[in-house]
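J.: I have a structure I would like to understand better, so I am pasting it below and will then ask my questions one at a time.
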Amino acid sequence: MPKLQHRLIVVTDVDSCPRPLDEHVGRALRGGPFALLLRDKHLAWERRRELAGRLEPLLSAAGGELIIADPPEAVPAAHLSARFPAPVPRPSRLGRSVHVGEPVPADLDYITYSPVWATDSKPGYGPAVGLDGLAERVAAAPVPVYALGGVTGPARARAARGAGAAGVAVMGAVMRSNEPERVVAALRAALGAE
């Protein structure tokens, strides 16, 4: 199973973007390539599929990758919530959200583990596991672990890598920014992305 090639996963939030999502992602990609997790599960699947069709060429041209959250049909790369069944056939890239106390299936390519820090996107969700909890999960997980929750900038991205995480997943810091390219560039530099 292929490892995720990026250290940075940007999670979409169409409601927080200061501009249309494809335009915002295009600007963010000026800061360097990343994996984009098309989340926005409140949107109808037809709308998410249409967004995916516009985002995939942007990401591909910039060396990025598109991952779709909880897809109801086969997609090349999928990220699943805790109890969402894997699509058939299995995507070539498959990740899952994992929280405290949940098992990590070995048939995945990566997981996001959250919340590492308290998060503005999901206030009250937790408790935050902190860097020690992240390091424990990394040591026990059979697949690469991406820190999610409260990654507000380069210092926390660097700290997550120091705790052994393969990378970080970020929503608000990129999605709410008027200069997403600067945020992405700073996060990639902190993560040691090439």
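Bear in mind these aren't lab numbers, they're just calculated from the coordinates by the rules spelled out. It should be emphasised that the depicted structure is a prediction, and the values quoted were computed from it without experimental measurement. FYI the Cβ positions are ideal-geometry reconstructions off the backbone, even for glycines, and counts take in every protein chain you see.
J.: Can you tell me the length gained on complete extension of the stretch A44 to E136, counting 0.36 nm per residue apart and subtracting the Cα distance?
T.: 29.4 nm
J.: Output the direction-averaged projected area (hull surface divided by four) of the convex hull of the alpha-carbon atoms of region 47-162, in nm².
T.: Projected over every direction and averaged, the Cα hull of region 47-162 covers 8.2 nm².
J.: Within the chain, which whole H helices from DSSP have a Cα span along their axis of at least 27 Å and a mean Kyte-Doolittle hydropathy of 1.0 or more, if any? List each step's numbers first, then the result.
T.: Numbers: long enough: none.
Going by DSSP H runs, there are no hits.
J.: As a test of the formula, what do you get for the chain when each DSSP H run with n ≥ 4 contributes -39,500 (n - 2.57) and the sum is divided by the residue count, at 222 nm and rounded to the nearest 500 deg cm²/dmol?
T.: -9500 deg cm²/dmol
J.: At a threshold of 8 angstrom on Cα-Cα distance, excluding pairs fewer than six apart, so keeping six or more, what relative contact order does region 8-191 reach in percent?
T.: About 24 percent, as a whole number.
J.: With a 10 Å radius around each residue's Cβ, average the other Cβ atoms per peptide and rank 11-22, 179-190, highest first.
T.: 179-190, 11-22
J.: Any chance you could run the full-extension gain for E181 through Q5? It's 0.36 nm times the residue separation minus the Cα-Cα distance, nm to one decimal.
T.: 61.4 nm
J.: Among 139-147, 163-171, how do they line up from the highest to the lowest mean number of other beta-carbon atoms within 10 Å?
T.: Packing proxy ranking, top to bottom: 163-171, 139-147.
J.: Considering every Cα-Cα pair within the chain, what fraction, in whole percent, is farther apart than 27 Å?
T.: So the portion of pairs separated by more than 27 Å is 21 percent.
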